[in-house]
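The values are calculated or read from the model by the stated rules, or taken from the named source; none is laboratory data. For clarity, every value in this text was computed on a predicted model and none was experimentally measured. Positions of Cβ are backbone-derived with ideal geometry, glycine not excepted, and every protein chain shown enters the neighbour counts. Heads up: the accessible areas ignore ligands, DNA and RNA and are worked out on the full protein's heavy atoms, side chains in. Shrake-Rupley method; radii C 1.70, N 1.55, O 1.52, S 1.80 Å.
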Amino acid sequence: MPEQSVYGDRMADHFRVPGAPTVVRILRKDARFAATRLTCNSPRHGFTTPIQPEAAYVVSVQLQDFPCGELWVDGKPIPQPGFCRNEVSFYDLRRDTLAFLISPFDV
């Protein structure tokens, strides 16, 4: 896994939120597990910035209801019904993935 992998403050930068509490565990020389918390209390936050594709995944756990937002994968909108607290979603960072954040979020 490259040193520039997207987690922690680098992930916070893509979501345009200040800092992000993160726990990182090295599983093997070439594999890490990172847990990062991203929080924004204001609505209509806008688009995330593009993430350079990499061989990594994001597992997102909603810590509060997220009723409204948009997901774009490889330049195409993907229908999003919104997420309830404790729902889990899975994202492949090898794909060009952007989110348009309309509701406040805590993930």
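Across 94, 37, 28, mean-square fluctuation computed from a Gaussian network of the chain (C-alpha pairs under 10 Å connected) peaks at 28. Protein heavy-atom accessible surface, 1.4 Å probe, per residue over the chain: 64 Å².
Between the residues 104, 33, 20, the greatest Cα displacement towards the positive end of the dipole of the chain, with unit charges on the Cβ of Lys, Arg, Asp and Glu, is found for 33.
The fraction of accessible area contributed by carbon and sulfur in the chain is 58 percent, rounded to a whole number (1.4 Å probe; ligands and nucleic acids excluded). Taking one quarter of the surface of the C-alpha convex hull of the chain gives a mean projected area of 6.3 nm².
In whole percent, what relative contact order does the chain give with Cα contacts below 8 Å and a gap of six or more residues? Display every interim value, and only then the final one.
Numbers: 228 pairs, mean separation 31.9, N = 107.
Relative contact order comes out at 30 percent.
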